[in-house]
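For reference, the structure discussed in these notes is given below.
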Amino acid sequence: MESKMQRRTFLKDTAVAAAGVTILPAATVFGTAANSTLNMGVIGCGGRGTNVATSFVKHTETRLAAAADLFKDRLTAAKEAFSKANAEKGRAALAESNLFLGSDAYLRLLESKEVDVVLIASPPFLHPEHLEATVQAGKHVYCEKPVAVDVSGCKRVIEAGKKAGDKLSLAVGFQIRHASPYVAMVKKIHEGGIGDIVTAQACYFAGTVRVRDYPNASPEERRLRHWINYQVLSGDILVEQGIHVVDIVNWTLQGHPIKAFGSHGRAGRKDQGDCSSYFVVNYTYPNNVNVAFHSTQFDPGLGDVFERFFGTKGIAEAHYTGGVFIKGPNPWDSGVARGTSEEISARDWATGSFRSALEDADPNKQKAFVDSIKNSRYINEAETGAESALTAILGRTAAYRGQEVAWQELLASNETWDPKVNLKQFDS
């Protein structure tokens, strides 16, 4: 009951003025038979966009039919990678005419009648704009996380979700919600497997994200290409990266926090930009469930990502590579190997007995998205995607201020970040 009330309040508090959006009939957008191939357009052809797009082709009935990017070198690399992925599945190559370059490339891609579904993998500060335009065009959409970097962006995404309604599938890239070990663990928690949750811990410890240098690029181009190192473009490390464990906590606790306080810093980072090297945040959820969040992103970095839920009848623990299990009166183990990658023997790796907790996360998420379109059972994750982004922003805001911030205060702020980027300057 607490969770349902919380979500109704969340929707009410995030209501914003409606913009005119035209949703085309499903048959107009996707007029092919249930067993045919979806044609996908990709907005943003960097590393993550290329990886997710080619994974769609590998694991689902999808063909990469169009691509849009601001930079020609990325578009050229995408054409090669996408055509190769299509060819490996016996699907047609990506046509030169469906490569769109420049600041308005995403709009020209959305005008293509050949595109059924769109993958948004542009830098996070552009996600609300690209998501709104995709829904306006009547296309099914899979948007990478985070859906936005500020409060006003999250509200725009929620409104776009309302326009999509139940006429389009709108998915957000929280693939861990489809990882089999995590799904099984959360189900057991919801069934009372560890009793009532008293407190939890969520950590995302990572090293520096390596980025390619562009010595001949202008400072503004380098800033945009290295968006992951800049707060206003990425949202900082809590919103861009740590959001994965934040989302798992929201999923498990079935709602969002009511307040947070924390701290952050940049000590230890030597790269360009202004992103933090660490965040330490305490979130308070309903029923006074306190969650300790801790993340890092600098070298030397400890590589570990995990959550622990401490209940009155046991402890549930999940690691990316260190097992997913429950300890206590009702023990359970997912079968994923425990321990660090160093502790798991080379023989285990060689024989394939080692299994990552995320092994089937992306394939399962992608299959669920495509199946929802083919079966006309459309999904809409705009609210949960925005809720997790706002949860991360709440922690970030509390850390930046060095004081407690309440959920309602955050929503009332309508915080808007200006990236101060003129994308048209890169048009040739």
Which of the residues that make up region 164-179 are more than 23 Å from Pro123 (Cβ to Cβ) and over 18 Å from the mean Cα position of the chain (by Cα)? Gly165, Asp166, Lys167, Leu168
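Determine which member of the set Asn282, Asn287 is surrounded by fewer than 14 Cβ atoms within 10 Å (Cβ to Cβ) and modelled with pLDDT of 95 or more.
Working: Asn282 fails: surrounded by fewer than 14 Cβ atoms within 10 Å (Cβ to Cβ).
Every option except Asn287 fails the conditions.
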Can you pull out every residue in region 64-78 that is open to solvent by 30 Å² or more (accessible area, probe 1.4 Å) and free of Cβ contacts under 8 Å to residues at least 40 places away in the same chain? Asp73, Arg74, Thr76, Ala77
Go through region 45-96 residue by residue and tally those that are part of a loop (DSSP other than H, G, I, E, B) and more than 26 Å from Ser428 (Cα to Cα). 6
Criterion violated by Ser413 - all others in (1) under 30 Å from Glu61 (Cα atoms); (2) in contact (Cβ under 8 Å) with a residue 40 or more places away in the chain; (3) of a type outside the set (Asp, Glu) satisfied: (1)
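Residue-wise test of (1) over 19 Å from Pro124 (Cβ atoms); (2) touching a helix residue (DSSP H, G or I) at 6+ places or on another chain (Cβ under 8 Å); (3) without any contact (Cβ under 8 Å) to a residue 24 or more places away in the chain.
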site: Val239; (1), (2), (3): no, yes, no
site: Val245; (1), (2), (3): no, no, no
site: Asn250; (1), (2), (3): no, yes, no
site: Pro257; (1), (2), (3): yes, yes, no
site: Gly262; (1), (2), (3): yes, yes, no
site: Gly303; (1), (2), (3): yes, no, no
site: Phe309; (1), (2), (3): yes, yes, no
site: Lys313; (1), (2), (3): yes, no, no
site: Val324; (1), (2), (3): yes, yes, no
Exactly one of Ser103, Ser152 is within 28 Å of Glu415 (Cα to Cα), assigned to a loop (DSSP other than H, G, I, E, B) and either open to solvent by less than 20 Å² (accessible area, probe 1.4 Å) or touching a residue at least 24 places away in the same chain (Cβ under 8 Å) (or both), and that residue is Ser103
Can you confirm whether region 223-234 contains a residue that is open to solvent by 20 Å² or more (accessible area, probe 1.4 Å), in contact with a Gly (Cβ under 7 Å, 6 or more places away or on another chain), part of a loop (DSSP other than H, G, I, E, B) and within 30 Å of Leu70 (Cα to Cα)? yes
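Out of all the residues in region 357-390, which are over 25 Å from Glu61 (Cβ atoms) and either crowded, with 22+ Cβ neighbours inside 10 Å or modelled with pLDDT under 95 (or both)? Before the answer, list the steps.
Just the residues of region 357-390 that are over 25 Å from Glu61 (Cβ atoms), to begin with: 357, 383-384, 386-390.
Result: Ala357, Ala386, Glu387, Ser388, Ala389, Leu390.
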Residues in region 193-222 that are outside any loop (DSSP other than H, G, I, E, B) and open to solvent by less than 10 Å² (accessible area, probe 1.4 Å): how many? 3
Give me the pairs: first residue in region 372-387 and within 21 Å of Trp251 (Cα to Cα), second residue among the small types (Gly, Ala, Ser) and modelled with pLDDT under 95, beta-carbon distance under 9 Å, and six or more apart or on different chains, which are they? Tyr378/Ala26
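The values are calculated or read from the model by the stated rules, or taken from the named source; none is laboratory data. All figures in this text were calculated on a predicted structure; none of them were measured in a lab. Using ideal geometry, Cβ is built from the backbone for each residue, glycine included, and neighbour counts are taken over all protein chains shown. Surface accessibility is based on the protein's heavy atoms, side chains included, excluding ligands, DNA and RNA. Shrake-Rupley method; radii C 1.70, N 1.55, O 1.52, S 1.80 Å.
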